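Notes to accompany the following structure.
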């Protein structure tokens with residue numbers, strides 16, 4: 001194989017890579033901002049978290065509340081949780097959610113979407129094209 005042909009092929013391949021893959025911006029998992037009233041906890045930046053993760057509120061809340069082992073509901077722009085929780089605990093739950101339902105296991109980018117086929121859920125990466133079944137831990 002001619003080395004010049006190899007360089008040309010690499011250039012052509014690089015041009016076909018989507019722009020969102022070329023960007024080197026790092027995804028940061030959002031941290032919670034909480035307010036505790038009586039024996040209840042409010043996540044005050046809930047909308048920011050949902051927008052950053054780019055997931056459906058109902059999907060996130062269902063899994064998040066189940067993992068937290070509590071009841072809760074959306075009250076305005078905030079997520080209400082029954083009971084008092086420390087920021088570290090809630091941040092850990094969001095991190096676990098992100099690793100399972102947001103970040104691609106192959107390229108570690110957040111450019112993913114959840115697809116349902118029958119009873120199975122798949123995480124489809126729009127950056128690298130990977131598709132993997134979501135297995136809850």
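What follows draws every value from the coordinates through simple rules; no lab data is involved. Just so you know, these numbers come straight off a predicted model, no measurement behind them. Note that each Cβ is placed from the backbone with ideal geometry, even for glycine, and that neighbours are counted across all protein chains shown.
To the nearest 10 degrees, how steep is helix 87-101 against the longest Cα principal axis of the chain, on a 0 to 90 scale? Compared with the principal axis, the helix lies near 40 degrees.
In the P(r) worked out for the chain, what percent of Cα pairs fall beyond 21 Å? Result for the distance tail: 51 percent. Counting pairs of alpha carbon atoms under 8 Å apart in space and at least six apart in sequence, what relative contact order in percent does the chain give? 19 percent.
Among 35, 105, 75, the largest mean-square fluctuation in a Gaussian network model of the chain, built with springs joining Cα atoms closer than 10 Å, belongs to 75. Rounded to the nearest 10 degrees, the inclination of helix 3-15 to the longest alpha-carbon principal axis of the chain is 30 degrees.
Footprinting exposure proxy ranking of 79, 103, fewest other C-beta atoms within 10 angstrom first, gives 103, 79. For the range 62-137, the Stokes-Einstein estimate of translational diffusion at 10 °C and a viscosity of 1.306 mPa s comes to 114 µm²/s, using the Kirkwood hydrodynamic radius over alpha-carbon pairs. Compared with the dominant Cα axis of the chain, that is its longest principal axis, helix 57-68 is turned about 60°.
For the options 54, 40, 108, a Gaussian network treatment of the chain with springs between C-alpha atoms closer than 10 Å singles out 40 as fluctuating the most.
Considering only 69, 118, 83, the mean-square fluctuation computed in a Gaussian network model of the chain, springs between alpha carbons under 10 angstrom, is largest for 118.
Sum -39500 (n - 2.57) across every DSSP H segment of at least 4 residues in the chain, then divide by the residue count to get the 222 nm mean residue ellipticity, nearest 500.
Values: 5 runs with 52 residues, N = 137.
Taken over the chain, the calculation gives -11500 deg cm²/dmol.
What translational diffusion coefficient, to the nearest whole µm²/s, does the range 26-102 have by Stokes-Einstein, given a Kirkwood radius computed over alpha-carbon pairs, a temperature of 10 °C and 1.306 mPa s viscosity? Present the calculation step by step, with values, prior to reporting the outcome.
Numbers: Rh = 12.4 Å.
Using the Kirkwood radius from Cα pairs, D works out to 129 µm²/s.
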